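The values are calculated or read from the model by the stated rules, or taken from the named source; none is laboratory data. Please read these numbers as outputs of a predicted model, since none were measured by experiment. All Cβ positions, glycine included, derive from the backbone under ideal geometry; neighbour counts span all protein chains shown. Ligands, DNA and RNA are excluded from the accessible area calculation, which covers all protein heavy atoms including side chains. Shrake-Rupley method; radii C 1.70, N 1.55, O 1.52, S 1.80 Å.
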Amino acid sequence: MLQTEIIVPAELVRLVLGIVALAAFVGANAIVLVWLERKVAGHIQRRPGPFEVGPYGLLQTAADAAKLIGKQLTMPAGADAFLFWLAPILAFLPVFVLFMPIPFGENLYSLDMDLGLVLILAYAGFGVLSLCLAGWSSHNKWGLLGAARAVSQSVAYEIPLLLAVLAIAFMTGSFNLQAITEGQGPWPWQWNVAVQPLAFFIYFACALAETNRAPFDLPEAESELTAGFHTEYSGMGFGLFFLAEYANMIVVSSVATVLFLGGWQGPVFSGWWWFLAKVYALILAMMWFRWTYPRVRFDQLLNLNWKWFIPLGLANLLVTVAVV
Amino acid sequence: MTLFKEFQSALKGLWSLAVGLKVTGREFARPQLTVHYPRKVVDNIVTYRGHIELVGKPKEPAVPKCITCMMCATVCPSGCISIKKFPPPKVAPAAEGEEAKPKAKPVKTPKAFNLNYNTCSLCGLCVQNCPVDSLRFSTDVYLAGVSRADFEYDLMARLAAQAEAVAKAKAPAEATAGAKPGEGGE
Amino acid sequence: MNIATCPFPAIAITATDYAKCGSTAYCYVEPRNVVRAAKYFFEAGYFIEDVCGLDLEEGFEVVYHFDSFTAPGRVSLRLVVPHDKPVVPSIAGVFPGAEWHERETTDFFGVVFEGNPNPKPLLLPDDMTLHPLVKEQKKRQPAVNVFVVHRLSEGKEPTAAKKKPADEDEEA
Amino acid sequence: MSEIQTGDYYTRHFSPGPSDDTLIINMGPQHPSTHGVLRIIVELDGEYILRCEPVLGYVHRMHEHMGETKSYTQYLPNMGRVDYLHALAWNWAWCGAVEKLAGIEVPERAQYIRVLTTELNRISSHLLWWGAYILDLGAFSPILYAFQDREIIMDLLQIPTGSRLTYCYFRFGGVSADLSDAFLAGLKDFVPYLRGRLPMYRDLVTDNVILRKRCEGIGHFSPELCRRYGATGPVARGSGIDYDVRRAEPYSIYDRFDWEVPVLEAGDAMSRYLIRLAEIEQSLKIIEQALATIPSGDFIAKGAPKPKWAPPRGETYFAVEGARGKIGVWLVSDGTKTPYRVKLRAPGYCNLSLFAEAAQGVLLADAVSILGSLDLVIPEIDR
């Protein structure tokens, strides 16, 4: 027998393993987050939230997922079938790519690349495409309005988001997320948030808008547009949008952790647990906002962006460049 | 200066958002208010006025005080009460020949007293207008059924069952009978 | 307000006891003068409370209630149209709020308000031909049987029960 | 344009505008922010409303016809169903109209009981509106906080009335049951409790910058507009019209209490919002005074009408101030046991009728805000 030596690059192994692990990570976390969101909402409103299925209602989301999978998938007459079903998949798939460059720990990442940040920003644009397709292809006027909102909101808010991220990149001089993490120290005052509070604020606000979270959840504002872009989706079509929303929350919180909060570094026992803790803290804050605030109006949302975030982001960037 | 004012109002706005977070945060930490129904029940059912039920005579708890005056059935806006009287005591005429007293006392208690709770609007006019206080509100709130027939009550049977239960428990009527409306509560 | 000083042509104006019937005056007009009357009430600062129909033996009585935000004292403007030709000019041009009330009255009584900007069924289904508040002939009451006018002063006007309002009686 | 041809009667008669770029959509009857089953046909240009037309009648029950087929007493339970949020005001409107027609005197204590329970009911109605309005604007939690407080009111009102929402408590000449000590004690505790809660409402919602931006300057109604459409209640008072039936057409014993009619000039959604919150405080004030001075005595007049009673011939109009505005009952009696004609003037009906004009040219999101600020109860509008 001739032994052929197949040289498998270590990078590829890492990538494949990473994608599998990420799929599990995203799926598990999304399910936990749905549960967490309902618990947070419940407790803020002084009710228990889910508590019947499993201990503390932990299995409630799993039961809901099973129900959603079992439900009939319907499509309105006149809808574009291909795009209609493509949209939810498109909403969920890019999330894996987004996670790849994120360093969860010192050695815990699936793809170490110099342009990791650029990759994330590039693929983040897919989200809006899926919302747009969903709203447009469902042959529903509410969906169309939701899609229109989603596009103008996402496109507008990507600009200050980029500006905020850019300020960090300038400071660190790198797009490599691992390098950015290591550029910060383990203690809170060594984190970028201490140096760049404004950038963090802008980033976080834009992240809320990019992920369509309250108070910026206009594309699906249910008191105005019934359910916006996903009005016509049933079963797992809706479920995928739902999961994608939570997956996106994890992504933006992870990026915020890396960029501003020192990533996996912590004062004691640095490691992936610090990373997770910070991500969850940010996500909890997002949930807290959602259950506290009314929704802003569409023109106010854009005004906020063009009149406040973009000028502030630019000013912040200028100052950063000047200092660096 | 307008720019300064703009910033000032923006900061004020941000502060109001922080205050909002404080409020929800405080509520988050406070204990829950929900009553977990099947395990716990609310404690104010005693003042609730559910569907009506018959009141028995003090001496014979299984026999209602009702004198079949039909007032409740007439006053009911939705006609959900139906009462059957016993036929008037007209014992068959002379042919039978026995000592059928021509002036037997008419039976006043109802033969049947049915309530169709499906159409009841809980206005309480029947109870209010009953001349002999033979009606009262039950405090049944935990009602569920799979068909309309589940809410067509035979109140005579209900009274008999209640009387039996009371007799069995040998306890004062307080245990099963709802408290008088307008009293009790927290 | 009395018939002599009334700025719009009225058939009869009765000052009534506000405490008993809730109106300070009943003001009868001919259907064709209702818009002028409404204009008067509009200019006098009244708001429209409602437009009601009433099925009487004499015909459909249409009652407009006007009230004032500043000086309370409801005035009810009334007119009678015959059953076979229940047509009234719409006052929606004066009080746009009357549009819905008129459409409701059309739904319930079949009284047609000419000139209503949007004469569609409002509360009842569009394919419904029945007018639920129209009474059977034998159940209709003459006006004298339902109106006991609580006059405030010793008025000289005829009672509210005007048998034949569609006469001449144009003045001003 | 194919959608329009396949639509129903109302859609077909809502002709498309001159421009091709507009979108005609149905808001409702199952839209989340039309509360119940209101339907509004809207023509949109982008997100701006060019014109709109409310379509009513989805919960129309012909209460006025029921009034002509039932006896005076039997019509009582209908009142709680007309406006289930302020059922006692409708109770009062009907009882008051009949009492006015027949000249029935209501005993002192019954008057106090009516004031106490109706004001309490008004607070519960405003609380629910508050929560629902904020929900329309996208905040989820406040409605549950409002429900916590409203729950206490419902528990309290359950003591004398026996029910929690569709009360049928008033009778001609009084009420159906006396107030118990438990109720009075509970109410005494409730007044300071709710006063203590109101600052939280202010912190969480009223002062919130997002809410202010969503309400201030939105849906401006001029006093003139209110007058032309006959708008009353908080809608009119938010537009600077100092008009409250309790003050303008005094009924019962409201003149004995020291309270104010809150009036704001701005005429926008925020002023309607503030008016309602101020009314909660005024109602608390009335309740406090009534609690302190409630006399003992009968809760229903000795000579109260029996069920088969018939009032004298005649007609009358009786109005009360409901949570949504002026509730009017026009009652015509021919001297028989059933009314000859009952007309129910629903405040929400008149308030909604100005919506089509007021919503022209606003954003869809603002239309939701305006609609919410009108405090609509659809069963009352449809009757």
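Quick check, is D:L50 more than 14 Å from chain A (Cβ to nearest Cβ) and outside any loop (DSSP other than H, G, I, E, B)?
For D:L50, the condition - more than 14 Å from chain A (Cβ to nearest Cβ) and outside any loop (DSSP other than H, G, I, E, B) - is met.
Against the condition modelled with pLDDT under 80, β-branched (V, I, T) and open to solvent by less than 40 Å² (accessible area, probe 1.4 Å), how does A:V128 come out, does it pass?
No.
Would you please name the residue that is surrounded by the most Cβ atoms within 10 Å (Cβ to Cβ), looking only at residues in the range B:139-154 that are modelled with pLDDT of 85 or more and in contact with a strand residue (DSSP E or B) (Cβ under 9 Å, 6 or more places away or on another chain)?
Here the answer is B:Y153.
Is there a residue being of a type in the set (K, R), closer than 16 Å to D:Y349 by Cβ and out of contact with any strand residue (DSSP E or B) (no Cβ under 7 Å at 6 or more places or on another chain) anywhere in the range C:138-147?
No: the range C:138-147 contains no residue that is of a type in the set (K, R), closer than 16 Å to D:Y349 by Cβ and out of contact with any strand residue (DSSP E or B) (no Cβ under 7 Å at 6 or more places or on another chain).
Can you pull out the residues in the range C:32-68 that are surrounded by 24 or more Cβ atoms within 10 Å (Cβ to Cβ) and in a helix (DSSP H, G or I)?
Matches in the range C:32-68: C:A37, C:A38.
Suppose we keep only residues that are touching a Pro at 6+ places or on another chain (Cβ under 8 Å) and not aliphatic (A, V, I, L, M) within the range A:204-229. Which one would you say is surrounded by the fewest Cβ atoms within 10 Å (Cβ to Cβ)?
Applying the filter and picking the extreme gives A:E222.
Suppose we filter the range B:1-54 for residues that are in a helix (DSSP H, G or I) and more than 9 Å from chain D (Cβ to nearest Cβ); how many remain?
Counting residues in the range B:1-54 that are in a helix (DSSP H, G or I) and more than 9 Å from chain D (Cβ to nearest Cβ) gives 15.
Read through the list (1) small (G, A, S); (2) modelled with pLDDT of 85 or more; (3) out of contact with any helix residue (DSSP H, G or I) (no Cβ under 6 Å at 6 or more places or on another chain), then give the number of the only condition that C:G73 fails.
All conditions are met except number (2).
For residues in the range D:122-133 being open to solvent by less than 10 Å² (accessible area, probe 1.4 Å) and within 14 Å of chain A (Cβ to nearest Cβ), which is nearest to D:L211 (Cα to Cα)?
Step by step, filter the range D:122-133, then rank; the result is D:Y133.
From the list A:V26, A:V118, which one is open to solvent by less than 10 Å² (accessible area, probe 1.4 Å) and in contact (Cβ under 8 Å) with a residue 40 or more places away in the chain?
A:V26
Quick check on the range D:134-150. Is at least one of its residues over 30 Å from D:G303 (Cβ atoms), among the polar types (S, T, N, Q) and crowded, with 24+ Cβ neighbours inside 10 Å?
So far as the range D:134-150 goes, yes, one or more of its residues are over 30 Å from D:G303 (Cβ atoms), among the polar types (S, T, N, Q) and crowded, with 24+ Cβ neighbours inside 10 Å.
Do the conditions hold for D:A87, that is, is it at pLDDT 85 or above and farther than 30 Å from D:A356 by Cβ?
The answer is no for D:A87.
For the range D:153-160, indicate whether the set of residues that are open to solvent by less than 50 Å² (accessible area, probe 1.4 Å), within 9 Å of another protein chain (Cβ to nearest Cβ), within 20 Å of B:R136 (Cα to Cα) and without any contact (Cβ under 8 Å) to a residue 12 or more places away in the chain is non-empty.
yes
If I ask for residues that are over 19 Å from A:A247 (Cβ atoms) and in a loop (DSSP other than H, G, I, E, B), which ones from the range A:59-96 would you list?
The answer is A:L59, A:K71, A:Q72, A:L73, A:T74, A:M75, A:P76, A:A77, A:G78, A:A79, A:D80.
From the list D:R246, D:R324, D:R256, D:R276, which residue is over 29 Å from C:C21 (Cα atoms), of a type outside the set (S, T, Y) and away from every other protein chain (no Cβ under 11 Å)?
Result: D:R276 is the single residue among D:R246, D:R324, D:R256, D:R276 that is over 29 Å from C:C21 (Cα atoms), of a type outside the set (S, T, Y) and away from every other protein chain (no Cβ under 11 Å).
In the range D:88-114, what residues are of a type outside the set (A, V, I, L, M) and touching an Asp or Glu at 6+ places or on another chain (Cβ under 7 Å)?
Matches in the range D:88-114: D:W90, D:P107, D:R109.
How many residues, within the range D:19-40, are at the interface with chain A (Cβ under 8 Å from one of its Cβ atoms) and more than 17 Å from A:E220 (Cα to Cα)?
Looking only at that region, the number is 1.
All but one of (1) assigned to a loop (DSSP other than H, G, I, E, B); (2) without any contact (Cβ under 8 Å) to a residue 40 or more places away in the chain; (3) among the aliphatic types (A, V, I, L, M) hold for D:V332; state the number of the condition that does not hold.
The failed condition is (1).
Within the range A:70-81, is even one residue over 21 Å from A:L131 (Cβ atoms), within 14 Å of chain D (Cβ to nearest Cβ) and polar (S, T, N, Q)?
No, because not a single residue in the range A:70-81 is over 21 Å from A:L131 (Cβ atoms), within 14 Å of chain D (Cβ to nearest Cβ) and polar (S, T, N, Q).
Could you say which residue among A:R46, A:R14 is among the basic types (K, R), assigned to a helix (DSSP H, G or I) and surrounded by 15 or more Cβ atoms within 10 Å (Cβ to Cβ)?
Values: A:R46 fails: assigned to a helix (DSSP H, G or I).
Sole residue among the options that is among the basic types (K, R), assigned to a helix (DSSP H, G or I) and surrounded by 15 or more Cβ atoms within 10 Å (Cβ to Cβ): A:R14.
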